[in-house]
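Before any comments, here is the structure.
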There are 2 protein chains.
Amino acid sequence: MKKKTLHPTLSHVAREAGVGTTTVSRVINGGHRVNPETLARVRRVIERLGYMPNQAARTLKGHRTKTIGLVIPSIADPFFSSCAEAAQAIARANDSLVMLTVTSNDPRTEMENLDLLIRHRTDGLLIVPANSQSQILRDLLERVAVPVVAIDRPVSDSSIASVVCDNFKGAITGTQHLIDHGYKRIVCLTGESTLYTIRERMRGYRKAMEQAKLNCIIDSSVKDYKSAEYAIKSLLDGPSPPDAIFATKNSTTIHAFEVLQRLNIPVPQSIALLGFDDFELASTVRPPISVIQQPVEEIGRRAAEILFDQLLDERGAASPASRHPVQVKLQTRLIQRASCGCTPPTP
Amino acid sequence: MKKKTLHPTLSHVAREAGVGTTTVSRVINGGHRVNPETLARVRRVIERLGYMPNQAARTLKGHRTKTIGLVIPSIADPFFSSCAEAAQAIARANDSLVMLTVTSNDPRTEMENLDLLIRHRTDGLLIVPANSQSQILRDLLERVAVPVVAIDRPVSDSSIASVVCDNFKGAITGTQHLIDHGYKRIVCLTGESTLYTIRERMRGYRKAMEQAKLNCIIDSSVKDYKSAEYAIKSLLDGPSPPDAIFATKNSTTIHAFEVLQRLNIPVPQSIALLGFDDFELASTVRPPISVIQQPVEEIGRRAAEILFDQLLDERGAASPASRHPVQVKLQTRLIQRASCGCTPPTP
DNA sequence: TTCTGGCATGGAAACGATACCACACAAGAC
DNA sequence: GTCTTGTGTGGTATCGTTTCCATGCCAGAA
């Protein structure tokens with residue numbers, strides 16, 4: 001096999017072009033203060049040799065790495081993959097690369113990932129904290145000399161910037177909508193209760209129910225199809241079966257829907273359904289499922305924008321305004337489809 | 001605001017511990033040939049200072065970057081996000097980070113991304129080529145001293161390793177299945193015809209149709225709901241309306257299904273539907289949609305494994321066996337649900 | 001005693017880029 | 001004529017690691 005050419009260095013170019021390294025450096029950084037002829041000559045040599053600057057060397061010399069770290073629970077989840085896509089776009093617009101790591105919501109994995117990213121000296125960090133309350137995480141992020149923006153879940157009691165949804169208000173809106181439809185026995189279905197987002201949504205549900213003087217019914221055992229089936233069957237066979245379901249997340253909504261469908265329970269006639277977080281086929285399925293929609297793409301975008309803002313005025317004198325950390329709370333939107341009892345016009 | 005502590009360096013640790021830099025270096029690299037007492041002392045200092053090695057410096061000194069580049073068309077697409085997730089897992093198992101870039105299938109963006117990644121000197125590259133036939137891409141990849149594995153689409157006429165699906169055979173299986181059901185006028189719906197995967201699937205469709213002495217009907221105008229509606233309406237209003245649809249990709253399948261549903265055309269009674277590539281809710285919609293399933297996660301995993309194999313025996317003497325590039329072709333699987341006319345047992 | 005060899009350790013030269021400083025030279029101001 | 005000013009250029013220290021080589025030391029062999 002032919003030996004592949006190793007990467008030529010700046011000195012190679014310099015020697016080949018008969019100039020000093022300084023000049024070559026100037027050429028690749030815009031070519032200011034370089035004689036036009038020299039410039040052209042050096043450029044030609046660069047082209048011929050296929051020279052590409054070594055980022056590691058640049059980084060070492062004190063410049064930035066031109067990378068940001070992204071720490072998310074999962075890529076397969078459409079919510080996070082949309083965030084990631086948006087963040088990546090902003091990074092690229094800022095001439096930076098994204099180092100992607102996934103945590104599966106495991107704090108240990110999260111710490112390992114952060115450790116790796118810090119060793120790589122990413123210029124900034126975008127993180128969906130596995131545990132919003134983790135003392136260790138908070139300490140690490142406060143200690144390390146790297147700008148951080150938390151996504152989807154804040155890092156509590158910390159001065160870390162964050163971009164999250166108003167889960168509380170969203171859940172109120174959703175629950176209230178079911179109440180407005182006249183449902184009295186609304187059950188809140190969930191599979192988690194440690195995650196910040198889920199807790200906020202449950203809090204919103206409770207708030208709306210209490211305001212309407214209705215009893216809260218919460219089942220947090222729904223983790224997959226099996227457990228959803230068991231939960232729903234038990235509920236329906238109980239003394240006072242629910243007439244509506246508020247599902248606190250995507251997968252819960254889908255599992256609940258599958259169960260109702262398999263059991264041939266008409267939605268919304270026998271039981272209504274409203275989920276938190278929209279998904280691609282929510283409008284295709286019969287009946288179309290009403291949801292509280294989050295501005296998914298905007299979350300990722302805003303977070304990345306804030307991060308790069310921080311990076312920018314970290315260079316110069318930080319403007320006093322941006323001194324205390326940004327805490328963005330984005331609003332959700334109720335999408336009325338049929339599963340809640342609405343009869344939306346077919347678009 | 002309190003000034004955040006900058007990163008301490010190896011020399012800081014050395015000074016603080018009263019040893020030479022060499023010793024500290026040995027400690028952080030396993031601590032062999034270091035006096036146990038010294039080892040403990042240095043470790044304590046490292047802990048106290050929160051020292052973390054600077055990857056840029058390590059890289060510069062000739063070691064690898066401990067990163068691989070991932071170049072994919074999109075993250076939001078579940079197919080690619082699953083690939084990415086699998087690849088990321090393998091990378092992490094090899095103590096490496098993934099630099100994520102997305103191309104939107106645009107060759108220009110692809111070249112820009114590759115350029116950036118090469119500047120960062122990623123140890124290897126995982127790429128879903130936007131254009132399998134691009135001469136420029138082939139040249140770049142062959143020239144650059146970086147191991148590359150192509151995913152989902154091979155780089156034609158090149159010695160680049162690849163992991164792809166047997167799209168051709170998969171499409172034959174799917175089409176043949178429709179033929180076996182007795183459908184005669186099977187239309188192939190697609191929205192692309194430049195992508196390698198789609199072309200292969202169309203080729204498979206044609207092959208199966210020709211073997212059965214049936215006429216090929218191909219409509220490659222389906223890009224969104226609107227165009228799908230137009231295409232299907234035209235087809236149905238035509239002189240000999242189709243009795244089955246073979247959709248060449250995920251989004252096409254979904255759009256076709258939505259149109260049929262909106263038009264109240266019973267599936268599979270009036271027209272059958274079979275898609276290429278599975279998706280989460282395919283079994284939840286009514287009727288459940290039959291598909292040709294790809295081993296999504298395996299594609300990403302295998303590709304990453306092959307890449308790290310290459311990285312490994314690049315260090316030592318490359319074994320003659322692995323000399324010529326690996327070309328893996330993974331088999332697809334027909335999932336019989338109801339939309340093709342099958343009556344699968346409800347699991 | 002002197003030599004050999006293994007251990008624990010440190011000095012200093014790389015790696016590839018940047019940037020401070022210096023220098024040479026030309027053109028105009030006085 | 002000297003003094004400034006600006007332009008084009010290069011030498012070289014530097015960033016934080018690794019690694020080659022050298023050193024000092026002690027145990028056991030000769």
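In the range B:87-106, is there at least one residue being touching a His at 6+ places or on another chain (Cβ under 8 Å) and closer than 30 Å to B:Arg206 by Cα? No, the range B:87-106 contains no residue that is touching a His at 6+ places or on another chain (Cβ under 8 Å) and closer than 30 Å to B:Arg206 by Cα. Just to verify a result, which residue in the range A:53-76, among those that are of a type outside the set (Gly, Ala, Ser) and in contact with a strand residue (DSSP E or B) (Cβ under 8 Å, 6 or more places away or on another chain), is nearest to the other protein chains (Cβ to nearest Cβ)? Per the criteria, the residue is A:Ile75.
I'd like to check something: does the range B:61-78 contain any residue that is open to solvent by less than 30 Å² (accessible area, probe 1.4 Å), among the hydroxyl-bearing types (Ser, Thr, Tyr) and out of contact with any Leu (no Cβ under 9 Å at 6 or more places or on another chain)? Full working, then the answer.
At the first step, the residues of the range B:61-78 found to be open to solvent by less than 30 Å² (accessible area, probe 1.4 Å) are B:65, B:67-75.
From what's left, among the hydroxyl-bearing types (Ser, Thr, Tyr): B:65, B:67, B:74.
After this cut, where a residue has to be out of contact with any Leu (no Cβ under 9 Å at 6 or more places or on another chain) as well, the list is B:74.
Yes, the range B:61-78 has at least one match.
Screening the candidates B:Ala40, B:Ala56, B:Ala14, B:Ala84 for the property of being free of Cβ contacts under 8 Å to residues at least 24 places away in the same chain and either assigned by TED's automatic domain parsing to the domain that holds B:Val148 or closer than 17 Å to A:Ile118 by Cα (or both) yields one hit, B:Ala56. Residues in the range B:204-224 that are in a helix (DSSP H, G or I) and either surrounded by 14 or more Cβ atoms within 10 Å (Cβ to Cβ) or at positive phi (or both): B:Gly204, B:Tyr205, B:Arg206, B:Lys207, B:Ala208, B:Met209.
Going through the range A:300-314 one residue at a time, which ones are of a type in the set (A, V, I, L, M) and free of Cβ contacts under 8 Å to residues at least 12 places away in the same chain? So that I can check it myself, show each step before the final result.
At the first step, the residues of the range A:300-314 found to be of a type in the set (A, V, I, L, M) are A:303-304, A:306-307, A:311-312.
Result: A:Leu312, single match.
Residue by residue, here is whether (1) more than 28 Å from A:Ile90 (Cα to Cα); (2) among the small types (Gly, Ala, Ser); (3) modelled with pLDDT of 95 or more; (4) under 22 Å from the mean Cα position of the chain (by Cα) holds:
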{"residue": "A:Ile254", "(1), (2), (3), (4)": "yes, no, yes, yes"}
{"residue": "A:Phe257", "(1), (2), (3), (4)": "yes, no, yes, no"}
{"residue": "A:Leu260", "(1), (2), (3), (4)": "yes, no, yes, no"}
{"residue": "A:Asp277", "(1), (2), (3), (4)": "no, no, yes, yes"}
{"residue": "A:Ser290", "(1), (2), (3), (4)": "yes, yes, yes, no"}
{"residue": "A:Ala318", "(1), (2), (3), (4)": "no, yes, no, no"}
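Out of A:Gly31, A:Gly18, I need the residue that is in contact with a helix residue (DSSP H, G or I) (Cβ under 6 Å, 6 or more places away or on another chain), surrounded by fewer than 17 Cβ atoms within 10 Å (Cβ to Cβ) and either more than 12 Å from chain B (Cβ to nearest Cβ) or within 22 Å of B:Val102 (Cβ to Cβ) (or both). Which one? Every option except A:Gly31 fails the conditions. The set of residues from the range A:157-176 being modelled with pLDDT of 95 or more and outside any strand (DSSP E or B) comprises A:Asp166, A:Asn167, A:Phe168, A:Lys169, A:Gly170, A:Ala171, A:Ile172, A:Thr173, A:Gly174, A:Thr175, A:Gln176. Taken over the range A:89-128, the criterion of being facing another protein chain (nearest Cβ under 10 Å), assigned to a helix (DSSP H, G or I) and open to solvent by less than 10 Å² (accessible area, probe 1.4 Å) is satisfied by A:Ala91, A:Asn113, A:Leu117, A:Ile118. Scanning the range B:77-88 for residues that are facing chain A (nearest Cβ under 7 Å) and touching a strand residue (DSSP E or B) at 6+ places or on another chain (Cβ under 7 Å) yields B:Ala84, B:Glu85, B:Gln88.
Can you tell which of A:Ala57, A:Ala87, A:Ala91 is aliphatic (A, V, I, L, M), modelled with pLDDT of 95 or more and closer than 14 Å to A:Val128 by Cβ? Explain how you work it out, then say what you get.
Numbers: A:Ala57 fails: closer than 14 Å to A:Val128 by Cβ; A:Ala91 fails: closer than 14 Å to A:Val128 by Cβ.
None of the other options fit; the residue is A:Ala87.
Of all the numbered requirements in (1) surrounded by 17 or more Cβ atoms within 10 Å (Cβ to Cβ); (2) more than 10 Å from chain B (Cβ to nearest Cβ); (3) closer than 30 Å to B:Gly300 by Cβ, A:Arg138 misses one, and that requirement is (3). The residues of the range A:141-163 that are touching a residue at least 12 places away in the same chain (Cβ under 8 Å) and within 12 Å of chain B (Cβ to nearest Cβ), listed by number, are A:Leu141, A:Glu142, A:Val144, A:Val146, A:Pro147, A:Val148, A:Ser159. From the list B:Arg44, B:Arg58, the one residue that fits, being more than 43 Å from the chain's Cα centre (by Cα) and open to solvent by 40 Å² or more (accessible area, probe 1.4 Å), is B:Arg44.
Checking the condition open to solvent by 60 Å² or more (accessible area, probe 1.4 Å) and more than 9 Å from DNA strand D (Cβ to nearest atom), which residue from A:Leu6, A:Leu10 passes?
Numbers: A:Leu10 fails: open to solvent by 60 Å² or more (accessible area, probe 1.4 Å).
Answer to the selection: A:Leu6.
Evaluation of B:His324 against the conditions (1) within 13 Å of another protein chain (Cβ to nearest Cβ); (2) at pLDDT 95 or above shows that the sole unmet condition is (2). The listed residues are A:Val34, A:Val45, and the only one of them that is β-branched (Val, Ile, Thr) and within 12 Å of DNA strand D (Cβ to nearest atom) turns out to be A:Val34.
Of all the residues in the range A:181-199, those that are under 13 Å from A:Ala247 (Cα atoms) and surrounded by 20 or more Cβ atoms within 10 Å (Cβ to Cβ) number 8.
The values are calculated or read from the model by the stated rules, or taken from the named source; none is laboratory data. These numbers come from a predicted model, not from an experiment. Reconstructed Cβ throughout: ideal geometry from the backbone, glycine too, with neighbour counts over all protein chains shown. Side chains included, ligands, DNA and RNA excluded: accessible areas come from the protein's heavy atoms. Shrake-Rupley method; radii C 1.70, N 1.55, O 1.52, S 1.80 Å.
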